[in-house]
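The values are calculated or read from the model by the stated rules, or taken from the named source; none is laboratory data. Predicted model only: the values in this text are computed from it and were never measured. All Cβ positions, even for glycine, are placed from backbone atoms using ideal geometry, and neighbour counts span all protein chains on display.
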Amino acid sequence: MASTTTISAGQDTKPRLATREIWNMSVGFLGIQAGFALQNGNASSILQRYGANVHELPNFWLVAPVIGMIVQPIIGHYSDRTWTRFGRRKPFFLAGAIAACIGMILMPNAGALAAVLPLVLMGAGMLMIMDASFNVAMEPFRALVADKLPSSQRTQGFSAQTALIGFGAVIGSWLPWFLANVGGVADTAGEGLVPDNVKWSFYIGGFLLLAAVLWTIFTTKEYPPKQQNEYAGIEAEVEKGGLGLIFKDLLNMPKTMRQLGWVQFFSWFGLFSMWVFTTPAIAHHVYGCAIDDTTSQAYSDAGNWTGIIFGVYNLVSAIFALMLPAIAARLGRKRTHSVSLICGGIGLISIYFATSPTFLIFSMIGVGIAWASILAMPYAMLAGSLPSNKMGVYMGIFNFFITIPQIVSGVINRPIVHNVFGNNAIYAIVMAGVFFLLAAASVSLVEDKDDVVQRA
């Protein structure tokens, strides 16, 4: 095994990049998140239309974290060790984007393949394709920011990425509503069918995803391995071994990563619950639908409004992300993240007290503040603790702390929602808010040596 010398982030000598370059390297994430938002806002209602019961939804959503837990460390491992004439991370961007585009076309058309498998299983299969593809495209973007930026610009880099994620999610979240209410596209469909406004949203989202990723590919130049090592001040050879090295790296993860694991667990448990249960929660709690209703106009209205309010929290996230570098410079990254998570917890809990659909907009403001911080602060805190030559694999391993809580949430939410909450999804949303507050408390456990503000 070749020896590898690593240094701390404080010795990073990479040149500072222009603002334009920082934004260009993350434009692809705008498209990925547009597709991800379409999935988050519509997958539950699509699966219900295909025949899934509300308490069964977590089972289908488990596909996403399981796939992510498998795919991201592998992609990170191989992207660390790959260099082609097209670059290091960029080939993975492109492959993932093409596959995701195909999945987004197939997902709302699973009925056409229902002769092969039961409709609900076909829908779950398309969801799996989309999730795997999103993860292939998504993982190297985190590593790219850490690759290209010196420590002094990483908060700015991840905040720019978060802003683009937010704007992309707004597009994806609002597309079904826009097509139905402005474009006049039908938003209702018979049993087992997906409305045309949702179908066309997925088609447009797939095109946007591919176009955005291509923008990053053509505007961003990666540092070749030798130059990357020179900037980091290391002499590194490729470590001999296969996928087993991932487990070695897992066992030797930096202390800061382990500490952030608790913050991520509580944060993503809450997020997963929110994504799965918001549509059925507001359909019953705010719109007055029966718990098992999936075909009424009120249920369609609730689904469309879920897209709107998801767009609101993503818009808030995009705007707040632009403020994060300045806020973090004043308060410190830890305190900024903790306060943001508290805002999110209060926002989710407040949904229980909603008296109208409009009220939910105010709830989502708090969620948007938390979402911006979740997408930026943990990565900014983490990057400073990672060896330069293992950015990809450790960013992939860090995804364990995103996927495991989603798996746990999916497993335990099914019996809880069915047996304890009587299939009333609003209580799952309240529980999600409590988990955000637990995440805020856990931030105090994190040691962030690279923070410009050191406060107890």
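Brief remarks follow.
- For segment 212-230, the set of residues classified as part of a helix (DSSP H, G or I), surrounded by fewer than 18 Cβ atoms within 10 Å (Cβ to Cβ) and out of contact with any helix residue (DSSP H, G or I) (no Cβ under 6 Å at 6 or more places or on another chain) consists of L214, F218, P225, K226, Q227, E230, listed by residue number.
- Against the list (1) part of a loop (DSSP other than H, G, I, E, B); (2) in contact (Cβ under 8 Å) with a residue 40 or more places away in the chain; (3) of a type outside the set (D, E, K, R), the condition Q153 fails is (1).
Conditions tested, residue by residue: (1) of a type outside the set (V, I, T); (2) surrounded by fewer than 24 Cβ atoms within 10 Å (Cβ to Cβ).
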| site | (1), (2) |
| --- | --- |
| M377 | yes, no |
| Y394 | yes, no |
| I402 | no, yes |
| I407 | no, yes |
| V411 | no, yes |
| R414 | yes, yes |
| H418 | yes, yes |
| F421 | yes, yes |
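- For F435, the test of being at pLDDT below 90, under 29 Å from R335 (Cα atoms) and assigned to a helix (DSSP H, G or I) is failed.
- Scope segment 149-176; condition over 19 Å from A372 (Cα atoms) and at pLDDT below 85; matching residues: L149, P150, S151, S152
- Members of segment 405-423 that are touching a Pro at 6+ places or on another chain (Cβ under 9 Å), modelled with pLDDT under 85 and either more than 14 Å from V63 (Cα to Cα) or not in a helix (DSSP H, G or I) (or both): N413, R414, V417, N423
- Search result, residues across segment 79-98 that are crowded, with 17+ Cβ neighbours inside 10 Å and within 13 Å of N135 (Cβ to Cβ): S79, F92, F93, G96, A97
- The set of residues in segment 178-215 being in contact with a Ser or Thr (Cβ under 7 Å, 6 or more places away or on another chain), of a type outside the set (D, E, K, R) and in contact (Cβ under 8 Å) with a residue 60 or more places away in the chain consists of T188, P195.
- Residue selected from segment 290-321 under the condition out of contact with any Cys (no Cβ under 9 Å at 6 or more places or on another chain), over 14 Å from A372 (Cα atoms) and of a type in the set (S, T, N, Q), by the criterion surrounded by the fewest Cβ atoms within 10 Å (Cβ to Cβ): Q297
- Condition broken by Y287, with the remaining ones in (1) crowded, with 24+ Cβ neighbours inside 10 Å; (2) not in a helix (DSSP H, G or I) satisfied: (1)
- Index of the failed condition, T295 passing every other in (1) hydroxyl-bearing (S, T, Y); (2) more than 17 Å from N399 (Cβ to Cβ); (3) at pLDDT 85 or above: (3)
- Matching residues, segment 349-404, being closer than 25 Å to F421 by Cα, in contact with a Gly (Cβ under 7 Å, 6 or more places away or on another chain) and either outside any helix (DSSP H, G or I) or of a type in the set (S, T, N, Q) (or both): S363, T403
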